[in-house]
Amino acid sequence: MRKKSFLRFLCFALVFSKVSIATALERTTPYSYQWKGADLLLCIALLLAVVLLIVVLLVGEKIENVTKPLRKEVAKQEDKLRFHLKRLNSSQITRVLQHKRKQQGHTGVIISLLSGLSFSLLPSPLLAQQSAVTRDNLLQQGGVIITLVLLAIPVVMAVLILFAKIGKRLHTLDRQVRGEEAQEVADLLEKVDLQEIEQELEGRKAALDYQVETNSLSGTATAKDYRGLLRIDSNTGVQIVSVKKKAVPRPNIDPALSKMVIGYLVSATFWLLFGTTVGEYVGIKFVAPDIDSASWLSFGRLRPVHTNAVFWGWASMAMIGLAYYVVPRVSNVRLYSLKWGWYSMHLINTSVLLGTVSLMAGVNNGGGEYREYIWPIMLLFAIALVLTLINFYKTIARRTTREIYISNWYIVSAIIFTIVIALVAYLPFWQQGLGETIVQGYYMHQGVGMWFMLFTLGLVYYFLPQQLNKPIYSYSLGVLAFWTQILFYTLIGTHHFVFSAIPWWLQTVAIVGSAGMAIPVIAGTTNFLMTFKGAWFKVKDSYTLPFFLVGTIFYFTGSMQGTAEAFRSTNLIWHFTDFTVAHSHLTMYGIICFFLWAGIYAIVPRFTGQEAPQISIGAHFWLALIGMMFYTVPLMYGSTLKGIMWLEGQPFIQGVISMAPHWLWRAIGGSLMWLSHLFFAYNMYKMIVVPTPMDVEEEIVKKLEDKEISA
Amino acid sequence: MSFFDNHKNLFLTATLFFVILTIFVAVVPALHNQVINAPLPSAEPLSEDALQGKALYISHGCVACHTQQVRNVDMDKVWGHRPSMAADYAHIGRTDIWRNTATLMGTERTGPDLTDVGNRQPSLDWNLVHLFNPRIVVKESIMPAYPFLFAYKEQVGDADVVVRLPEEYAPKDGRQVVATKEALQLVAYLQSLKQAPLPESIAALDFLYKREKKAEGTKGDDGAQELDGQALYVANCQACHQADGMGLPGAFPPLKGSPVVEGDDLELYIDIIMNGYDAHPEYGAMAAVGVNAGFTEHEVAAIINFERSSWGNNGKKVTAEEIKQIVDFVKLQAK
């Protein structure tokens, strides 16, 4: 029977593999990018094959289990009796002994055959359908594919039912075999003399019933928690939101510094809300282009408003704010100047505000991405950077630690490099003609990689070990990532202008640099993940660590995607499409924003002693993550199709039409992301503004003290 | 390493490393390129209106969706007859002391590339209607409308350029929509965007990654394979005459049931396709679509056959051989 059924499985496997091969052979014509019906069928066939394989494995295991007792040699009756007597549990022993003492018994067996397996369930149309599949033209018809899928569903269901039936039969067989054996032993037991087994069974029962006293280790004294290790949660009902660890208030944070960092973070939150509201609106314009007709709200003007507000307003502000906490802390000194910190904050706010107004009024720098603010406005930002740099540098110069912690390598270098980048890009007396484009490629990518990425990595090197309460896995990997990031990232700017009029060698350098980025990215990711190692259990107890984890994952995937996009072959499909937009959101949002949120949730409760409700932190996390996936995946999918259409030489408008559903999904994902920012703003409000309800215990102590004073 | 325990050493080393790399991959190449490249002799400087139009193009952020670069890959052939080169951008300098050079090469192609749009879509009427609301002429377009570049007038003066709007988009109160100075300047800039021809001594760059020539087969003797007339129509004619061949009332004439399309005057028909047409005051002027696009007799035949057999039209089919003479003759007239 086993052989027979295995033969059946083999038949299925063969049929499916034949179909797969047949469909694969049909594609031997010169490769083109067109999606063919055959591909879909191949996928379905593969899926079916996998399902079948799993079912076969499961059934095989079942058969193995069931037939084990059948295959066992019939042991001597005496041995059998001993075998089973040894396996009796305490209550069974009691019952056997009782029974033996009373001396009673009876019998009965039925055997049935397995021949009735209903193979008739197997539908013959399956084979008929698959044989018709050889005709190429048929396969590419949507209707045929749908029909095949529809047909495959009941076939798969039937196969599954078939195996379920086989399993059921085997189970019955199993019961019968075991029943027979039980009967046999019972009969033997019936005949055995009581004295012969009584002593042995009584002894065994005493052994089985032996129990250690519950307090045999702890003694009878009451437990005392001298170190405050126990956390007793009196709320024992069903939990809708899992309870996470509370942030521990830390001493020695200068309230004036706290106030300034919070000032930065509140500004950042404002620009996040503003910038993504504009982004959301701009995303909607892809679906509803006639939503307004005001010049200052038109797409071309609002797009840079969105990107610059979230770059310079939200992310930069949040990064610098967090760094004002991190830099003095890892240097183990006070900040050099709080006043300069406040000046920087006001300068950045002014810069973004003026920039936003000027862009909406139609005044911009000439169209280079992220370089849309004209230089007088960007100058304010640059002055803020210089002030921050001096502030940090002087703080580090006065450090009380011997070495400079790796965070400060990243943070201070990021600020220095960004000042260099801004100078190169904004000095108003050069960059004629193509020079502008070469500098633009350099500027836009250094802005992303040397400012946001380098700076944020520095923050993570402080916050991640701090939140995991263990040191960073490897200082050396951090140093390796630092130098290789400078070496490779500086080169990659012009990969945004592959195939353009920029010198070919410069494009090649950029592509090579992009490939080289694998080194710092893998070094950094490894470092973070290995820091997590051994502390994974903390992730479920913490509401900051999930943000770090998502950031780390996208640091790897997002950055490596950037490398993949830089190749000449992928440029053919993805360049100029929304793939770039999806990529920049995967990275700027998935990496930078998630890391920043993690840092903010880690630090603000320590400043204020107040935490946000866990449910709204959870809502923020999940809406942001799910929203980002809804945003990026359809854009990547749609723009791949669009790129292929361009390659095939289809009319341009066809590409626009094909993007319509993907743009809709993008708007939906963007809405979720935007919603998550509302939760984030609410959390900021809860952490900073709203006082927590009265702490009764604290109040009791206070009242007692009051009495003491008045007495 | 104790060397890096000194903050001066650490940050100076990092800065030097970064600055040196910056000089090699950005500063030197940029300086070199702005020095070695000169504008092509055939490149025409922008007129005063076109310059103003370019300022509007920058101000409205058109570069967010429109590139101005033909890459040296085959798929970009539709945007220009040769790949863009450094010389094409050499004449562009800083806008002013406040604003940077605007090469407007762009990094997103949500809308079509505009390097050569002055050749591809030179019609003033079409451009104005399209700017007023792109969905009038291209139903699926997601380009923003620019109604704020137009004015509503009850009395139209001689100097006013009236936008030829179909009834459903025209103001209901009987006023006319006229183009403002800005709209005309913007169109002037778009019309000025033409790839300058190369001097004969210089060979154009090759388009790389050539596509399999399956759709362009008729050039062989067998003539069995036909060009896709519909694709050519969509790419070159549909913007005005529309997918249903009905044109736009008041702006672009219908081809459905058109006596030119269905009639026997092949010479007139081909002349219109190649050199444009402006015989009817109720419609906008047609540009020299065929000459601008460099149509061969095969392409013209494919378009004629598509137009004669679509939307219920029932005209006589033509072959490339029988119209070759007319096409060549008509091309001569253009010069």
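Here's the list of aspartates and glutamates a cross-link from residue B:194 could span, going by alpha-carbon distance under 17 Å and ignoring same-chain residues fewer than 8 apart: B:44, B:48, B:49, B:76, B:88, B:113, B:116.
As a calculated quantity, the FRET efficiency between residue A:470 and residue A:54 at R0 = 41 Å, using C-beta atoms, amounts to about 0.55.
In Å² (nearest 100), what accessible area is buried between A and B, both sides summed, heavy protein atoms only, 1.4 Å probe? Could you put the intermediate results ahead of the total?
Numbers: alone 37740 and 20070 Å², together 50540 Å².
Summing both sides, the interface buries roughly 7300 Å².
The residues of the stretch A:547-603 expose on average 20 square angstrom of accessible surface per residue, using a 1.4 Å probe on protein heavy atoms. Of the residues A:433, B:64, B:314, the one whose Cα sits farthest toward the positive end of the charge dipole of the protein assembly as shown, with +1 on the Cβ of Lys and Arg and -1 on the Cβ of Asp and Glu, is B:64. Interface burial in the stretch B:67-84 reaches 20 Å² or more for B:69, B:71, B:72, B:73, B:75, B:79, comparing the full protein assembly with the chain by itself; accessible area from heavy atoms with a 1.4 Å probe. Apply 1/(1 + (r/R0)^6) to the Cβ-Cβ distance of residue B:243 and residue B:98, taking R0 = 60 Å, and write down the FRET efficiency to the nearest 0.05. With a Förster radius of 60 Å, E is 0.85. Which net charge results for the neighbourhood of residue B:107, defined as the other residues with beta-carbon distances under 14 angstrom from its beta-carbon, given Lys and Arg at +1 and Asp and Glu at -1? Summing Lys and Arg as +1 and Asp and Glu as -1 gives -3.
For chain B, the solvent-accessible area with a 1.4 angstrom probe is 49 square angstrom per residue.
On average, how many beta carbons from a partner chain sit within 10 Å of the beta carbon of a residue in A:571-577? Write out the running numbers ahead of the final one.
Values: counts 2, 6, 1, 0, 7, 11, 3.
Mean shielding by partner chains, rounded to a whole number: 4.
Helical runs (DSSP H, four residues minimum) scored at -39500 (n - 2.57) apiece and divided by the length of chain B put the mean residue ellipticity at 222 nm at -10500 deg cm²/dmol.
Considering only protein heavy atoms and a 1.4 Å probe, what is the carbon-and-sulfur percentage of the accessible area of the stretch A:560-711?
Working: 4400 of 6200 Å².
Heavy-atom surface of the stretch A:560-711 belonging to carbon and sulfur, 1.4 Å probe: 71 percent.
Given the pairs A:80/A:205; A:642/B:210; A:642/B:324, which are separated by over 28 angstrom at their Cα positions? From A:80/A:205; A:642/B:210; A:642/B:324, over 28 Å: A:642/B:324.
Taken residue by residue and averaged, Cβ atoms of other chains lying within 10 Å of the Cβ of B:139-148 number 6.
To the nearest 20 Debye, how big is the dipole of chain B about its Cα centre, given +1 on the beta carbon of each Lys and Arg and -1 on that of each Asp and Glu?
On the way: 29 positive and 42 negative charges, 232 e Å.
The dipole of chain B has a size of about 1120 debye.
In the stretch A:260-404, the portion of solvent-accessible area held by carbon and sulfur atoms comes to 69 percent [1.4 Å probe, whole percent, DNA, RNA and ligands not counted]. Placing +1 on the Cβ of every Lys and Arg and -1 on the Cβ of every Asp and Glu, with no other charges, gives the stretch B:223-334 a dipole of roughly 160 debye about its Cα centre.
Among the trypsin sites (Lys or Arg not before Pro) in the stretch A:501-575, those located in a DSSP loop and surrounded by at most 13 other Cβ atoms within 10 Å of their own Cβ are A:533. Taken along the Cα-to-beta-carbon direction at a fixed 7 Å, the label points for residue A:213 and residue B:51 span 10.4 nm. Expressed as a whole percent, the proportion of Cα-Cα pairs in the protein assembly as shown lying more than 41 Å apart is 57%. In this structure the amide hydrogen of residue B:208, modeled in the peptide plane, comes within under 5 Å of the amide hydrogens of B:73, B:74, none closer than 5 places in sequence on its chain. Separation of the stretch A:311-348 and the stretch A:382-426, taken as the distance between their Cα centroids, equals 11 angstrom. When the Gaussian network model of chain B links Cα atoms closer than 10 Å, the mean-square fluctuations of B:276, B:245, B:93 top out at B:93.
Would you mind checking A:224/A:703; B:139/B:172; B:54/B:153; A:100/A:168 for any pair whose Cα atoms are more than 29 angstrom apart? Mind showing how you got there, number by number?
Values: A:224/A:703 27 Å; B:139/B:172 21 Å; B:54/B:153 26 Å; A:100/A:168 36 Å.
Table pairs above 29 Å Cα-Cα are A:100/A:168.
In Å², and per residue, what accessible area does the stretch A:260-404 have when probed at 1.4 Å with the other protein chains present? Mind showing how you got there, number by number?
Values: 4720 Å² over 145 residues.
About 33 Å² of surface per residue is accessible.
Taking 7 Å steps out from each Cα toward its Cβ at residue A:694 and residue A:614 produces label points 2.6 nm apart.
For the protein assembly as shown, the dipole from Cβ point charges (+1 on Lys and Arg, -1 on Asp and Glu) about the Cα centre works out to 4660 debye, to the nearest 20. Carbon-plus-sulfur accessible fraction, chain B (probe radius 1.4 Å, protein heavy atoms only): 56%.
Label 7 Å along Cα→Cβ of residue A:61; the stretch A:166-186 residues with amide nitrogen under 15 Å? Backbone N within reach: A:167.
Could you compute the net charge surrounding residue B:261? Neighbours are other residues with a C-beta less than 15 Å from the C-beta of residue B:261; K and R count +1, D and E count -1.
Details: positive: B:256, B:308, B:316, B:317; negative: B:244, B:262, B:264, B:265, B:267, B:271, B:307.
Residues close to residue B:261 contribute a combined charge of -3.
In this simple spin-label model, placing a label point 7 Å from the Cα along the Cα-to-Cβ direction at both residue A:704 and residue A:206 gives a separation of 5.5 nm.
Please work out the FRET efficiency for the pair residue A:277 and residue B:2, using the Cβ-Cβ distance as r and a Förster radius of 60 Å; give the result to the nearest 0.05. After rounding to 0.05, the efficiency reads 0.75.
Between A:418, A:382, A:397, the Cα set farthest toward the positive side of the dipole of the stretch A:369-425 (charges on each charged residue's Cβ, about the Cα centre) is that of A:397. Positive end of the charge dipole of the stretch B:48-192 (Lys, Arg +1 and Asp, Glu -1 on Cβ, about the Cα centre): tell me which of B:91, B:131, B:105 has its Cα farthest that way. In the stretch B:48-192, that residue is B:105.
Please give me the summed charge of the neighbours of residue B:138: other residues whose Cβ is under 14 Å from its Cβ, Lys and Arg +1, Asp and Glu -1.
Once all neighbours under 14 Å are counted, the net charge is 0.
The values are calculated or read from the model by the stated rules, or taken from the named source; none is laboratory data. Bear in mind the structure is a predicted one, so any value in this text is a computation, not a measurement. Backbone-built Cβ (ideal geometry, glycine too); neighbour counts: all protein chains shown. Calculation scope for accessible area: heavy atoms of the full protein, side chains included, ligands and nucleic acids excluded. Shrake-Rupley method; radii C 1.70, N 1.55, O 1.52, S 1.80 Å.
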